[in-house]
Every structure is written in C-alpha cells, then in structure tokens.
Amino acid sequence: MSESFERVGNVDVVHYEFTLDAGEAGGRTTRILMRHDKKIEVDIPAGVVTGSVVRLSNALQLTDGRQGDILIHIKVKGEAMPAMVLEVKDDNFEGEILKSTVPVVVDFWAPWCGPCRAIAPITEKLAKEYEGRLKFCRVNVDENRLVAGKYMIQSIPLLLFFKNGRVVDQSLGAVPESLLRTKADALIWH
C-alpha cells in the first residue's frame, strides 16, 4: 500500500488508497490500516464510489505523535471515476472555474451525503452530453473548506452555475435531471 504526503496550510496530510469490490462498496465495511506498526480501524460508509474519500481527522497523532489527517481514497474494482467531471480543490478552483472560457457547473458534495451520491450520475451524464459547451466540476466540501467558506456552502448537494467567473444560478438538493438540463441550457444560451 503506497502513501503520499502533503502539507495543507499548517496541517500534514497522508494519503492512502483502498480498493474495494462492489459488494464492500455497497455496504458499510471496515478495513485495517497499518501505519508505523499501529493499527487504525477505518470505517467506510455504505455507498462509496471510486473517488470517495474517508477522512481520519488527526489520525497522525495516533501513528506519528503529531497533528495531521489521513485521507483514504476509495477505488471500486471495475468502476472508474468519470473523466468528464473534474475534481477541483481549493488550490485550483480559480483557474478551473473562475477563469474558465466556457460556463461551469460546480457540484459541492461530500462522500457521506446520500443525496450527493444520488445526483452524481446525473451530473456525469450531463457532462458527457454537454462536453465542449459546459465544464462540470465537483468540490468535496470536507476537503476544500476555503472554497466552501467563500461560497457559504451550508447545505449539499449544491450546484453553482458559473459564467465568466460569476455565479449566475444554483440548484440545491437532489433535483430531477430535467431541472438541471434546463439550467444547463440557460447557462449556455444566455
């Protein structure tokens, strides 16, 4: 199991990847992470998909004796993260969203949010259909608190529709595909 390390602000973050089969991903499961001869039980919620992240807040205190988080990136066998929906983070939000030459739909979500998982297939479908005319992105609010704070994200899933770097529309909750399609069309043509 490989790990990678980064420093986010003044917090150390260590990344791992867990590969699950479809059965494990569909139900709640537990895995053991070994780090520096210490066992950490990782509780993985039901319904995770490739690209989901489980955050172990301040887990480095247990394994390394210092502050920091461990992020477990989930990969489900046989399932790929759609290439059409771009994962955006605090550090690349401006370049990918605000400076985009095409309108952008940004899905603010979290892996533990059931309605977020319900709307994800719709945004993935629309991303393929609108390729070249609209850019679809998603921001994990648990991992990207600067952007979530800037746009005062208090409820998810929240889709913000950007044009020329400005929010021009929004959609809150797990709404029907027809509503998102109407908003996407309006974003392109107005």
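Listed by first and then second residue, the pairs linking a residue in the range 158-169 that is of a type in the set (Gly, Ala, Ser) to a residue that is surrounded by fewer than 16 Cβ atoms within 10 Å (Cβ to Cβ), with Cβ atoms under 7 Å apart and 6 or more places separating them unless they lie on different chains, are 165/98; 165/99.
Can you spot a residue in the range 7-20 that is over 14 Å from the mean Cα position of the chain (by Cα), modelled with pLDDT under 80, among the β-branched types (Val, Ile, Thr) and surrounded by 15 or more Cβ atoms within 10 Å (Cβ to Cβ)? First the steps, then the outcome.
So in the range 7-20, the residues over 14 Å from the mean Cα position of the chain (by Cα) come out as 7-20.
The next check asks that each one be modelled with pLDDT under 80; those that pass are 7-11.
Pick out the ones that are also among the β-branched types (Val, Ile, Thr) and you get 8, 11.
In the following step, the residues that additionally are surrounded by 15 or more Cβ atoms within 10 Å (Cβ to Cβ) were identified as 8.
Scanning the range 7-20 turns up at least one residue that is over 14 Å from the mean Cα position of the chain (by Cα), modelled with pLDDT under 80, among the β-branched types (Val, Ile, Thr) and surrounded by 15 or more Cβ atoms within 10 Å (Cβ to Cβ).
The numbered conditions (1) closer than 25 Å to residue 123 by Cβ; (2) out of contact with any helix residue (DSSP H, G or I) (no Cβ under 8 Å at 6 or more places or on another chain); (3) surrounded by fewer than 11 Cβ atoms within 10 Å (Cβ to Cβ) are all true for residue 78 except (2). Quick check: is even one residue across the range 130-145 free of Cβ contacts under 8 Å to residues at least 40 places away in the same chain, over 17 Å from residue 177 (Cα atoms) and outside any loop (DSSP other than H, G, I, E, B)? No: zero hits.
Given the criterion closer than 26 Å to residue 125 by Cα, surrounded by 17 or more Cβ atoms within 10 Å (Cβ to Cβ) and polar (S, T, N, Q), identify the matching residue among 29, 101, 50.
Answer to the selection: 50.
For the range 21-59, a residue qualifies if it is hydrophobic (A, V, I, L, M, F, W, C), part of a loop (DSSP other than H, G, I, E, B) and either over 19 Å from the mean Cα position of the chain (by Cα) or within 12 Å of residue 72 (Cα to Cα) (or both), and the qualifying residues are 48, 59. Scanning the range 132-170 for residues that are surrounded by 20 or more Cβ atoms within 10 Å (Cβ to Cβ), small (Gly, Ala, Ser) and touching a helix residue (DSSP H, G or I) at 6+ places or on another chain (Cβ under 8 Å) gives no hits.
Could you list, in sequence order, the residues of the range 174-190 that are surrounded by 13 or more Cβ atoms within 10 Å (Cβ to Cβ) and either aromatic (Phe, Trp, Tyr) or more than 19 Å from residue 103 (Cβ to Cβ) (or both)? Of everything in the range 174-190, just one residue is surrounded by 13 or more Cβ atoms within 10 Å (Cβ to Cβ) and either aromatic (Phe, Trp, Tyr) or more than 19 Å from residue 103 (Cβ to Cβ) (or both), namely 174.
Considering the range 175-190 alone, what residues qualify as being assigned to a loop (DSSP other than H, G, I, E, B) and at pLDDT below 90? Passing the criteria: only 190.
The values are calculated or read from the model by the stated rules, or taken from the named source; none is laboratory data. In this text the structure is predicted, and so the values were computed from the model without any measurement. Positions of Cβ are backbone-derived with ideal geometry, glycine not excepted, and every protein chain shown enters the neighbour counts.
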